[in-house]
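The values are calculated or read from the model by the stated rules, or taken from the named source; none is laboratory data. Small disclaimer: the values here were computed from a predicted structure and weren't measured. All Cβ positions, glycine included, derive from the backbone under ideal geometry; neighbour counts span all protein chains shown.
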Amino acid sequence: MPNTLNYGIVVYDQTNKKFRYAGYNQAQLEEFAPQDLSIAPFDVNNTGMSFVMADWGRGTSMGAGLRPFDYIIMENETGRYLAVTNFSSSAPSDPNIAVGLYPMNELCPGINEATSMAASYVGSFIYYATGAKVYDFAYDSNMPATEVWTAPSTDEQVTCVRIMKYYHGTIYGFGLVPRSDNLLHIATWNEKTQQGHLYQYLINPASGILNTSSYYDYDIPGKVKDMAWKFSMQ
């Protein structure tokens with residue numbers, strides 16, 4: 001939580017379907033204040049959904065003041081949803097910590113089999129991977145997700161999708177992170193050949209469209225389950 005000391009950690013109770021937090025430098029898990037469902041799209045104290053996967057991305061402002069939201073794919077008996085929460089700049093007493101809830105089943109092909117997701121830092125979209133394909137979902141457009149990438153072989157299955165980004169708003173806002181939010185990493189695994197690949201594509205950070213005319217392809221000696229990177233000023 002880079003922009004607030006209101007939370008030391010936020011966790012999700014999968015059994016009871018609720019978020020909980022521990023205060024800064026504290027260990028006791030606490031409940032959030034009662035949520036006002038006239039303005040909040042769902043209750044973080046009682047979501048009624050199971051947590052599937054998540055990433056952080058576009059937030060409350062742009063540039064140096066950016067405060068990211070958490071983007072969470074959740075599901076219940078009616079389908080999967082993209083839940084958006086503000087654990088970055090909110091307080092435990094706020095009545096509207098949830099800021100968005102978008103049904104995905106009718107708009108997102110293969111969403112029930114999705115294996116990975118990545119949220120944009122500057123655009124209102126997420127990527128999600130299912131099988132050998134990657135889709136771009138502009139969640140606030142009410143338009144169907146678009147297929148932006150398919151693996152060269154149908155035997156390749158996407159195991160992880162990540163956008164290179166950096167959480168520190170000041171460094172990000174002044175352009176000190178090269179290609180931040182402009183580089184997509186797609187990891188795949190071929191069970192038949194026991195070969196992994198890592199593909200890298202430049203993206204349009206506003207629309208999510210990939211530049212497929214030029215890319216990098218690396219052989220990986222194993223199955224990639226997750227990816228992360230660190231920025232250094234040196």
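Could you please find all residues in segment 10-35 being in contact with a Leu (Cβ under 8 Å, 6 or more places away or on another chain) and without any contact (Cβ under 8 Å) to a residue 40 or more places away in the chain? Please lay out each step first, then the result.
Going through segment 10-35, the residues in contact with a Leu (Cβ under 8 Å, 6 or more places away or on another chain) turn out to be 11, 20-22, 24.
Of everything in segment 10-35, those that are in contact with a Leu (Cβ under 8 Å, 6 or more places away or on another chain) and without any contact (Cβ under 8 Å) to a residue 40 or more places away in the chain turn out to be 11, 20, 22, 24.
Residues in segment 113-156 that are polar (S, T, N, Q) and closer than 18 Å to residue 181 by Cβ: 116, 120, 124. For segment 22-38: of the residues being part of a loop (DSSP other than H, G, I, E, B) and charged (D, E, K, R), which is surrounded by the most Cβ atoms within 10 Å (Cβ to Cβ)? My answer is 31. Screening residue 101 on (1) modelled with pLDDT of 95 or more; (2) closer than 27 Å to residue 188 by Cα; (3) part of a strand (DSSP E or B) shows it passes everything except condition (2).
Only residues that are part of a loop (DSSP other than H, G, I, E, B) and closer than 26 Å to residue 58 by Cα: list them for segment 180-203, please.
180, 181, 182, listed by residue number.
The single residue among 223, 165 that is surrounded by 15 or more Cβ atoms within 10 Å (Cβ to Cβ), in contact with a Ser or Thr (Cβ under 8 Å, 6 or more places away or on another chain), modelled with pLDDT of 85 or more and not small (Gly, Ala, Ser) turns out to be 223. For segment 47-62, the criterion of being at pLDDT below 95, under 30 Å from residue 201 (Cα atoms), assigned to a loop (DSSP other than H, G, I, E, B) and polar (S, T, N, Q) is satisfied by at least one residue.
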